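What follows is a single structure, written as structure tokens, with notes after it.
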Amino acid sequence: MKTPRALILGATGLVGHYCWRKWSERPGWTARGTWHKHALGGLDKLDIQDEDGTRALIREVKPSLVLIAAANPFVDYCERHPEETRAINVDATVAAAAAASEAGATPVFLSSDYVFDGSVAPYGEGDAVSALNHYGRQKIDAERGVARLGADHVIARISGVFGWELSRKNAVLQMVDRSRAGKPTHGATDVRANPTYAANLPDVLAELWEGGRRGTYHVAGAEELTRYDFFLEVARAWELDESLIHKSTLAKMHSPANRPLHSSLRTDKVRSQVKSPLWGAAKALAHMRAEEKTWLAYAEYVRPADPQPRAGA
Ligand SMILES: NC(=O)c1ccc[n+]([C@@H]2O[C@H](COP(=O)([O-])OP(=O)(O)OC[C@H]3O[C@@H](n4cnc5c(N)ncnc54)[C@H](OP(=O)(O)O)[C@@H]3O)[C@@H](O)[C@H]2O)c1
């Protein structure tokens, strides 16, 4: 096998950054990555909506695989701005995957459990898709566009991803920050899924690619939990005040986008084909907490706090 050369589009984001870091250190691998609005040393600036620029970068890097982690993953924003977000989540995504295929690289596309409506979970890879919101429909259309390019692709459907990230936007970091400030968190007792630890994804995706596994895979955490129970696990792992976690329901959240109540993914297929683990919540959260000091030092090193915050920041 040739030395695997990975190109990560969206290497400043939650999933992309874990993949960029871990693949850069993976024996025999090299990794390049891109940023869009949040500059980071060592990465290339790229807007994947610039199709010529994306194609040029792919031709220059000559990757063996291109992880498309660049997206607008904000479900409620997608609901309010369907055309704007479709342009990146579908059009630019499929164009980037096509550019990867043309260059002989495997496009690896990150899709979502939100391609399902939640009526018959847990879902296997072959189950019919039927999304409840624009974001989910965009993912379905992007999956179809990527699959049409040929057999050499990986579509990884992931779910409720958490981990260390530069923007501290995922549910775990939001909850930890709120709880430390004495503020409450509301967790739906009727929303169930399998939260996925971002730190597990690089090894699983790399192993799939190295093993010649292609097609659609559900790549999600080992355990199904309600949102409320997941927040309790976070409180336990971080030794936070559990009384700050309040029971709620999806309907009471009044989100602009409808969401599936039960979107758990069956992961038998990926588990039978890769050795790298997908942890349950308690183990993943304990690991994440143990990495807090190391992560904060790293984050400060790669992106020092702006001494003059921008207006409105
Ligand atoms: N997080 C989850 O729970 C979850 C669940 C299911 C599926 N997914 C999917 O997994 C993928 C990664 O999600 P994530 O949570 O890691 O996202 P994220 O943290 O929001 O990261 C998004 C990345 O995309 C980049 N980006 C945004 N617009 C871009 C553009 N026009 N051109 C180039 N790059 C652009 C961002 O760069 P800058 O920061 O530099 O602007 C960032 O690196 C997405 O497709 C998402 O839909 C995520």
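The values are calculated or read from the model by the stated rules, or taken from the named source; none is laboratory data. As the structure is a prediction and not an experimental result, all values here were calculated from the model. Here the Cβ is made from the backbone with ideal geometry for all residues, glycine too, and neighbour counts use every protein chain on show.
Any idea which of GLY33, GLY41, GLY53 is farther than 24 Å from VAL204 by Cα, in contact with a helix residue (DSSP H, G or I) (Cβ under 8 Å, 6 or more places away or on another chain) and not acidic (Asp, Glu)? Reasoning before the result, please.
On the way: GLY33 fails: farther than 24 Å from VAL204 by Cα; GLY53 fails: in contact with a helix residue (DSSP H, G or I) (Cβ under 8 Å, 6 or more places away or on another chain).
GLY41 is the lone residue from the list that is farther than 24 Å from VAL204 by Cα, in contact with a helix residue (DSSP H, G or I) (Cβ under 8 Å, 6 or more places away or on another chain) and not acidic (Asp, Glu).
Filter the stretch 223-257 for residues that are of a type in the set (Gly, Ala, Ser), over 25 Å from TRP279 (Cβ atoms) and outside any loop (DSSP other than H, G, I, E, B) and give the result.
Quick first cut of the stretch 223-257, residues of a type in the set (Gly, Ala, Ser) only: 235, 237, 243, 248, 251, 255, 257.
Now narrow it down to the ones that are over 25 Å from TRP279 (Cβ atoms): 243, 248, 251, 255, 257.
The answer is SER243, SER248, ALA251.
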Selected residue (criterion: farthest from the ligand (Cβ to nearest atom)) from residues of the stretch 153-185 that are of a type in the set (D, E, K, R) and either without any contact (Cβ under 8 Å) to a residue 40 or more places away in the chain or under 22 Å from TRP20 (Cβ atoms) (or both): ASP177
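For the stretch 157-199, enumerate the residues that are of a type in the set (Ser, Thr, Tyr) and modelled with pLDDT of 95 or more.
Initially, the stretch 157-199 is screened for residues of a type in the set (Ser, Thr, Tyr), giving 159, 167, 179, 185, 189, 196-197.
Matches in the stretch 157-199: SER159, SER179, THR185, THR189, THR196, TYR197.
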Lone qualifier among THR216, THR249, THR226, THR267 - being touching a His at 6+ places or on another chain (Cβ under 7 Å) and β-branched (Val, Ile, Thr): THR267
Test result for VAL129, among the β-branched types (Val, Ile, Thr) and within 23 Å of LEU261 (Cβ to Cβ): yes
Among the candidates THR106, THR85, THR93, residue that is touching a residue at least 12 places away in the same chain (Cβ under 8 Å), more than 28 Å from GLY212 (Cα to Cα) and of a type outside the set (A, V, I, L, M): THR85
Condition broken by PRO4, with the remaining ones in (1) within 13 Å of the ligand (Cβ to nearest atom); (2) in contact with a Gly (Cβ under 7 Å, 6 or more places away or on another chain) satisfied: (1)
Residue within the stretch 147-156 that is under 15 Å from the mean Cα position of the chain (by Cα), over 19 Å from HIS246 (Cβ atoms) and modelled with pLDDT under 95 present: no
Of all residues making up the stretch 238-256, the number that are over 20 Å from ALA281 (Cβ atoms) and among the hydrophobic types (A, V, I, L, M, F, W, C): 2
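Before we move on, is GLY221 on the phi > 0 side of the Ramachandran plot and in contact with a Pro (Cβ under 6 Å, 6 or more places away or on another chain)? Can you show your working first?
Numbers: on the phi > 0 side of the Ramachandran plot: no; in contact with a Pro (Cβ under 6 Å, 6 or more places away or on another chain): yes.
When the stated conditions are applied, GLY221 does not pass them.
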Members of the stretch 101-116 that are over 24 Å from HIS254 (Cα atoms) and not in a loop (DSSP other than H, G, I, E, B): SER101, GLU102, THR106, PRO107, VAL108, PHE109, LEU110, SER111
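Out of all the residues in the stretch 56-115, which are among the polar types (S, T, N, Q), within 13 Å of the ligand (Cβ to nearest atom) and crowded, with 21+ Cβ neighbours inside 10 Å? Even if it seems obvious, please write down each step before you answer.
Kept after step one, since they are among the polar types (S, T, N, Q), are these residues of the stretch 56-115: 64, 72, 85, 89, 93, 101, 106, 111-112.
When the remaining residues are screened for being within 13 Å of the ligand (Cβ to nearest atom), the result is 72, 85, 89, 93, 111-112.
If the condition is that a residue be among the polar types (S, T, N, Q), within 13 Å of the ligand (Cβ to nearest atom) and crowded, with 21+ Cβ neighbours inside 10 Å, then THR85, ASN89, THR93, SER111, SER112 are the ones that fit.
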Test: ARG137 is free of Cβ contacts under 8 Å to residues at least 12 places away in the same chain, under 27 Å from ASP268 (Cβ atoms), touching a helix residue (DSSP H, G or I) at 6+ places or on another chain (Cβ under 9 Å) and surrounded by 17 or more Cβ atoms within 10 Å (Cβ to Cβ): yes
Test set (1) over 15 Å from ASP141 (Cα atoms); (2) surrounded by 17 or more Cβ atoms within 10 Å (Cβ to Cβ) - GLU51 fails condition number: (2)
Neighbours by Cβ (under 7 Å, 6+ apart or cross-chain): first from the stretch 25-51, without any contact (Cβ under 8 Å) to a residue 60 or more places away in the chain; second within 8 Å of the ligand (Cβ to nearest atom) and among the aromatic types (Phe, Trp, Tyr): LEU43/TRP35; LYS45/TRP35
